[in-house]
Every structure is written in C-alpha cells, then in structure tokens.
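One structure is given below, encoded as structure tokens.
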Amino acid sequence: MPRRRPGRIRAGIPDRQQSPLSRQAIDRLSSRTLSEVVHLERTRNYLRPGDISAALRLWKDYVHRPTRELWHDEEFGNVHRYCCGNPFEGRALLDGVIRALSPRGARELRTIIEELDAFMGPPDPAADRRR
C-alpha cells in the first residue's frame, strides 16, 4: 500500500477559522505592542479578537468625517450606530486599553489617538484657553 505524502495529509486538515477583524493589525504599532493587544483581547472577558482595531477604525472614520455630518449626527442622531458601532464607545474602550497596556505600549497607542483627536479639534473653545 503506498504511503500518503505529509503535504496531502496537512492539506485535508482545516485551518483555524478566524474572523477578518482578528487579522487586522494597527498601523504604526510595534510588534511588541501588537502582541500585548492580542493578549488583552484573549484574556479579557469583555473583548473579542479584533475589538481594539475595530474601535480604533471606528474612531478614525468618525474623526475624518466632514463637520456638517458631525453636526447632523449631533442634532438628529445617527441611526447607523446600532448596526455599525458607536465611535464614542470605541473611544472609551481605547482609553481603557491604554490604561491596561504597559507604559511603552500605552505611549505608542496614545500617540495615534492624540493625533486623531487633534485632527478633530478641541471639543470647545474653553479647552483652548486652558492650555
């Protein structure tokens, strides 16, 4: 009886199924910080793989929207937040992740988030005077 080749045996074994969100990486983070993020997502019961990158993507998309759309959401509400995610909840999640990371990892993630916040501008004119 002929022997089957190992490659053909391995081809029949299904790979671990991962969601597309769990494969997303966060740009400008070191591999060390990315491994910390993956560790947080696997050890915290309120996080799933890909939640942190999805929260950052939501906040980035929200910040880069035109001002008129932001005002429209403020006045009339946004009906898509129920299906697509709330960017403010994502931002709150990112604050919690910054507190849970090591100082080096928190500094890297905080740099990215502060740039996004600066792009959006200060929330009120009084914040400019306090600086």
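Where a number appears in this text, it was derived from the coordinates with a stated rule and is not lab data. Predicted model, so just to flag it, every value in this text is computed and none were measured. All Cβ positions, even for glycine, are placed from backbone atoms using ideal geometry, and neighbour counts span all protein chains on display.
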field: Sum of side-chain charges, THR33 neighbourhood, beta-carbon under 14 Å (Lys, Arg +1; Asp, Glu -1)
entry: +1
- request: Mind giving me the FRET efficiency for GLU89 and ARG5? R0 is 35 Å, r the Cβ-Cβ distance, nearest 0.05 is fine.
  value: 0.10
field: Net charge contributed by nearby residues that have their C-beta within less than 15 Å of LEU94 (K/R +1, D/E -1)
entry: -3
- prompt: Based on the mean of other beta carbon atoms within 10 Å per residue, what is the order of 26-32, 51-57, 89-95, most packed first?
  reply: 51-57, 89-95, 26-32
